[in-house]
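A short write-up of the structure that comes next.
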Amino acid sequence: MDFIKGEVLYFDKPYTWTSFNLVAKVRWTLCKKLGIKKLKVGHAGTLDPLATGLLTVCTGKATKRIDELQAHTKEYVATLQLGATTPSFDLETSVDATYPTGHITQNAIEEALAKFVGRIEQVPPSYSACKVDGKRAYDLARKGKEVNIKPKILVIDEIELQQFDPETMQATIRVVCSKGTYIRALARDIGTALQSGAHLTALRRTRVGDVCVADCMHIEDFQEWLDKQTIETNNIQDDK
């Protein structure tokens, strides 16, 4: 392994960790192992803290591939709570409104989901890393300021209902989509399409390109895995 020349690693990001937290842990572990103070490490595609699953991490000169890797198709499995919304459209914030659900059936959900397949326009959520007038939208939203974000064009290749519990009004969906898709915003829009509301209670990225989450490493196993690798050390110096 040559972490200076560049390696691409795949991790199963833990719940509540930010993508930056995981990158920082990988960088610290590698620098300690290599005996250097600096190393370029970055991720290809942010996962929200309350999401889990596949996070692609690049080291050294492989960070130049981040744009290429971010462009790969992604697959998610998401659980939606129907009949209620939160400002962030996930569990980061508390429920701010409830809506009728008596009219929602499995057939109605499947019909609503079908409307989102293909090229669609989506407004990113206020609680997102999108920039508004040079500032992160989530910083403005958390301060209670109004956030106006322009819609983006994206592609949903597949969307299917995997499970629906009419008692709890929870639905689990699988989504295959392009770069830039916000599943929280998709949950919001599905709720609206059902003439109700919705937010995420769970989100897991299960695939990026041809790499599946089952093939990923857990961060707590990284040091042990690293100790078993043959590492190129001939030209190691702090990565600039």
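The values are calculated or read from the model by the stated rules, or taken from the named source; none is laboratory data. The structure presented is a predicted model; accordingly, all values stated were derived computationally and were not measured. For neighbour counting, all protein chains shown are included, and Cβ atoms are generated from backbone atoms with ideal geometry for every residue, glycine included.
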Check your understanding: Out of region 200-232, which residues are loosely packed, with under 11 Cβ neighbours inside 10 Å and among the hydroxyl-bearing types (S, T, Y)?
Key -> T230
Practice item. Would you mind telling me which numbered condition in (1) under 28 Å from E220 (Cβ atoms); (2) at pLDDT 95 or above F3 fails? Key: (2)
Point to revise | Pairs where the first residue, in region 1-13, is among the small types (G, A, S) and the second is in a strand (DSSP E or B), C-beta under 7 Å, 6+ apart | key: G6/C58; G6/T59
**Study point:** Criterion: outside any helix (DSSP H, G or I), hydroxyl-bearing (S, T, Y) and buried (at least 22 other Cβ atoms within 10 Å of the Cβ) - qualifying residue of T16, T56, T46, T52
**Key:** T56
Revision key, fill the gap. In region 69-88, anything more than 17 Å from the chain's Cα centre (by Cα) and not in a strand (DSSP E or B) is listed as G83, T86, P87
Practice item. Answer yes if at least one residue in region 99-114 is touching a residue at least 24 places away in the same chain (Cβ under 8 Å) and in a strand (DSSP E or B), and no otherwise. Key: no
Revision key, fill the gap. When restricted to A84, A97, the only residue loosely packed, with under 15 Cβ neighbours inside 10 Å, modelled with pLDDT of 95 or more and either of a type in the set (A, V, I, L, M) or touching a helix residue (DSSP H, G or I) at 6+ places or on another chain (Cβ under 9 Å) (or both) is A97
Review point. Is it the case that G197 is surrounded by 21 or more Cβ atoms within 10 Å (Cβ to Cβ) and either closer than 30 Å to I120 by Cβ or of a type in the set (G, A, S) (or both)?
Key: yes
Check your understanding: Which ones in region 184-215 are under 15 Å from the mean Cα position of the chain (by Cα) and in a loop (DSSP other than H, G, I, E, B)?
Key -> G209
